[in-house]
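Q: This is the structure I have questions about; it appears just below.
Values in this text are rule-based calculations from the coordinates and carry no lab data. In this text the structure is predicted, and so the values were computed from the model without any measurement. Because the Cβ atoms are built from the backbone with ideal geometry, glycine has one as well, and the counts that use them run over all protein chains shown.
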Amino acid sequence: MALRRLQVTDFRCLHQAELDLDPKFTLITGPNASGKTSLLEAMYLLGRGRSFRTRHLDHLIRSGADRVIVVGEAEVGERRVTLGVEGSSTGIRAHAAGGRVASLAELASVLPIQIIDPEIHRLIEEGPGRRRRFLDWGVFHVEPSFVSHWQRYQQVLRQRNAALRTRQAAALVTAWDAELVRYGELLTEARQRYIAQLAPIATAVAAHLLELDLTVAYRTGWPRDLPMQDALSHSLAKDQELGATQVGPQRADLIIRLSGHPARDRISRGQQKLLAAALLIGQIKLFPDDSPVTPTLLLDDPAAELDAGHLRVLIEEVRSQPLQMVVTTLHESASELAPFGPPGREYRLMQGGAVALR
């Protein structure tokens, strides 16, 4: 049960592409700039409502076109559900099962999708925003109430920040605090429960991939010795000065250490890629067994930055998971990808289109 069909129109360099995907393993080959990564990006957009490469929607639209359209068909239990995403200068619209989605989270519930690409090291190297998104994707799939709590927290946070930004009286700012604390604590508790499950699994995967001692912890976004309400009260003057709320789950982080030291300060780019992959694989291992959908894992040029031995171990870990894989590579006969086994479907990209090889 996974993404079974993809249609892409005017997405970056791709004018038109249609693919039937294998439920286990699809391989996409092609020269540089042929659109391999763009195809993966289109799949990701279909499951997330956003790109993993850019925040700018107009960058996704092929030169000369006025919109981008991605349509897919995913298996959910015994039925097939059609998903569609259309992006233009007016924004993005998404549909699922014939109706417009109220929230982009509805896409993720039908098509849970993740990616290991040459930029995955940014999960380790960059700021906490990327790690919060990574964390919340995992929590969303194991705690159904999480998304509604997250949405309500964001709504209240926007209201409080608007009051701060417009220099309203302190009483009008703090009027939002009780609800902010209520949903902030619910989010924090859900994230902490998830980290408690993820940490030992990711540690074991990292030991296999890197032979290094990984520890993962959650930083709440306010001083650990204070309740959130007290932290908000203590931060009010600073919030008023800066025009935004400075404490809360929106400031949280996933703390990643190797042998007790910050991971980004200790390892090479290739090791960062493997460490981030360990976290992502740990997340996939936590995906509910009784879910009617199967995770789809995109692997964009998995050999990049890795030697043959580490690539083989990464492939072993990925292949052992119950998921759908879509893999890209430059070469049709990529011997380094042999541990994946033969693909169920294979495509060669040429001149903005896909040619089925098997």
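Q: Only helical DSSP H runs with n ≥ 4 go in: add -39500 (n - 2.57) per run for the chain, normalise by residue count and round the 222 nm mean residue ellipticity to 500 deg cm²/dmol.
A: For the chain, the value works out to -12500 deg cm²/dmol.
Q: Oh, and also: Please work out the FRET efficiency for the pair Arg122 and Ala175, using the Cβ-Cβ distance as r and a Förster radius of 41 Å; give the result to the nearest 0.05.
A: Once rounded, the FRET efficiency stands at 0.60.
Q: Return one number: the angle in degrees, 0 to 90 and rounded to the nearest 10, between the long axis of the Cα atoms of helix 228-242 and the longest principal axis of the Cα atoms of the chain.
A: 90
Q: Need the C-alpha centroid separation for segment 76-105 versus segment 109-183, integer Å.
A: If we compute the Cα centre of each part, the gap is 22 Å.
Q: Another question, if that's okay. What ranking do Arg132, Arg55, Arg5 get, fewest neighbouring Cβ atoms within 10 angstrom at the top?
A: So the ranking, lowest neighbour count to highest, is Arg55, Arg5, Arg132.
Q: Now for a separate question. Can you run the Rg to Rh ratio on the chain? Use alpha carbon positions and the Kirkwood inverse-distance Rh.
A: When Rh is taken as the Kirkwood radius, the ratio is 0.99.
Q: Now for a different question. Using only the alpha-carbon atoms of segment 68-183, report the extent along each of the three principal axes, biggest first, to the nearest angstrom.
A: So the extents along the principal axes, rounded to whole Å, are 53, 37, 34.
Q: Something else: What does a probe at Glu73 reach in segment 34-59, counting residues whose amide N is under 18 Å from the point 7 Å along Cα→Cβ?
A: Counting backbone N atoms under 18 Å from the label point, the list is 43, 46-47.
Q: Charges only on Cβ, +1 for Lys and Arg, -1 for Asp and Glu: so what's the dipole of segment 1-112 about the Cα centre, in debye to the nearest 20?
A: Using only the charged Cβ atoms, the result is roughly 240 debye.
Q: If you scale each eigenvalue of the Cα gyration tensor by 5 and take the root, what three semi-axes come out for segment 125-290, rounded to whole angstrom and sorted largest first?
A: 33, 18, 12
Q: Could you tell me what percent of the DSSP beta bridges with both partners in the chain are antiparallel, to the nearest 5?
A: In the chain, approximately 70 percent of DSSP beta bridges are antiparallel ones.
Q: Give the angle, between 0 and 90 degrees and rounded to the nearest 10, that separates the Cα long axis of helix 308-319 from the longest principal axis of the Cα atoms of the chain.
A: Around 80 degrees separate the two axes.
Q: If the only charges are +1 at each Lys and Arg Cβ and -1 at each Asp and Glu Cβ, what is the size of the charge dipole of segment 125-290 around the Cα centre, to the nearest 20 debye?
A: I would put it at about 480 debye.
Q: I'd like the distance between the alpha-carbon centres of segment 299-341 and segment 190-257, rounded to an integer number of Å.
A: Taking the Cα centre of segment 190-257 as reference, the centre of segment 299-341 is 32 Å away.
Q: List the residues, sorted by chain then number, that are 5 or more residues from Ile255 or on another chain and whose placed amide H is less than 5 Å from its amide H.
A: Ala217, Tyr218, Arg219
Q: In the chain, how many lysine pairs have Cα atoms under 30 Å apart, counting only pairs 8 or more places apart or on different chains?
A: Counting lysine pairs in the chain gives 6.
Q: Still on this structure, please answer the following. At q = 0.14, 0.15, 0.17 Å⁻¹, what log₁₀ I(q)/I(0) does segment 160-200 have when each alpha carbon counts as one equal point scatterer in the Debye sum?
A: Values returned for q = 0.14, 0.15, 0.17 Å⁻¹ are -0.47, -0.50, -0.57.
Q: With θ taken as phi - 60° and the coefficients 6.51, -1.76 and 1.60, list the Karplus ³J(HN,Hα) couplings across segment 24-34 in order, rounded to whole Hz; mark glycine and proline as x.
A: Computed from phi, the couplings for segment 24-34 are 10, 8, 10, 10, 10, 10, x, x, 4, 6, 8 Hz.
Q: Sorting Met350, Met43 on the 10 Å Cβ count, fewest up front, what's the list?
A: Going from least to most buried by this count: Met350, Met43.
Q: If you don't mind, there's one more thing I want to ask. Tilt of helix 36-48 relative to the longest C-alpha principal axis of the chain, in degrees (0 to 90, nearest 10)?
A: 40
Q: Could you derive backbone 3J(HN,Hα) for segment 342-348 from the dihedral phi with the Karplus parameters 6.51, -1.76 and 1.60 (θ = phi - 60°), listing whole Hz in sequence and x where the residue is Gly or Pro?
A: x, x, x, 9, 9, 10, 10
Q: Which value results for Rg/Rh of segment 243-352 when Rg is the Cα radius of gyration and Rh the Kirkwood radius based on the inverse mean 1/r?
A: Radius of gyration relative to Kirkwood radius: 1.05.
Q: Place a +1 charge on the Cβ of each Lys and Arg in the chain and a -1 charge on the Cβ of each Asp and Glu, then give the dipole magnitude about the Cα centre in debye, rounded to the nearest 20.
A: Its charge dipole is roughly 720 debye.
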